[in-house]
Amino acid sequence: WNISDYFFQRGEAITEELEREEAVLLKQAQDKGEPLNRPFHPAPPFDCLWLCLYAKLGELCVDPRPAVRKSAGQTMFSTIAAHGTLLQPPTWNIVVWK
């Protein structure tokens, strides 16, 4: 929950930094003649942060410990309810199906 609040509160600064970093990585990949390899492509870089968070929460949702599963599920759905509007519409396809 704290990580999702941090993403939400610092979204603009994080997005700017990620776009700068992506431009550098894209240039390096082009110089090598390789495609840019990043997780959850084609989602925007900021959405990828959210997708990483949701992926880790998803792993905890199937933990063998009942209390961990319960807390992870509650945190995931609370995070989606509170901050889900930040994701681009195509990213929701990745959240739901991957």
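The values are calculated or read from the model by the stated rules, or taken from the named source; none is laboratory data. All values derive from a computational prediction rather than experimental measurement. Glycine also receives a Cβ, built like all others from the backbone with ideal geometry; neighbour counts cover every protein chain displayed. Just the protein is used for accessible areas: all its heavy atoms, side chains included, with ligands, DNA and RNA removed. Shrake-Rupley method; radii C 1.70, N 1.55, O 1.52, S 1.80 Å.
Here are some notes:
- Filter pass, Asp5 being open to solvent by less than 30 Å² (accessible area, probe 1.4 Å), acidic (Asp, Glu) and under 17 Å from the mean Cα position of the chain (by Cα): no
- Boolean, Ser4 is in a helix (DSSP H, G or I), under 20 Å from Gln88 (Cβ atoms) and either basic (Lys, Arg) or at pLDDT 85 or above (or both): yes
- Flag for Arg20 being part of a loop (DSSP other than H, G, I, E, B), more than 20 Å from Phe77 (Cβ to Cβ) and of a type outside the set (Asp, Glu): no
- The condition of being more than 11 Å from the chain's Cα centre (by Cα) and surrounded by 15 or more Cβ atoms within 10 Å (Cβ to Cβ) does not hold for Ser78.
- Matching option when the condition is basic (Lys, Arg), farther than 19 Å from Trp97 by Cβ and surrounded by 12 or more Cβ atoms within 10 Å (Cβ to Cβ), among Lys27, Lys32, Lys70, Lys56: Lys70
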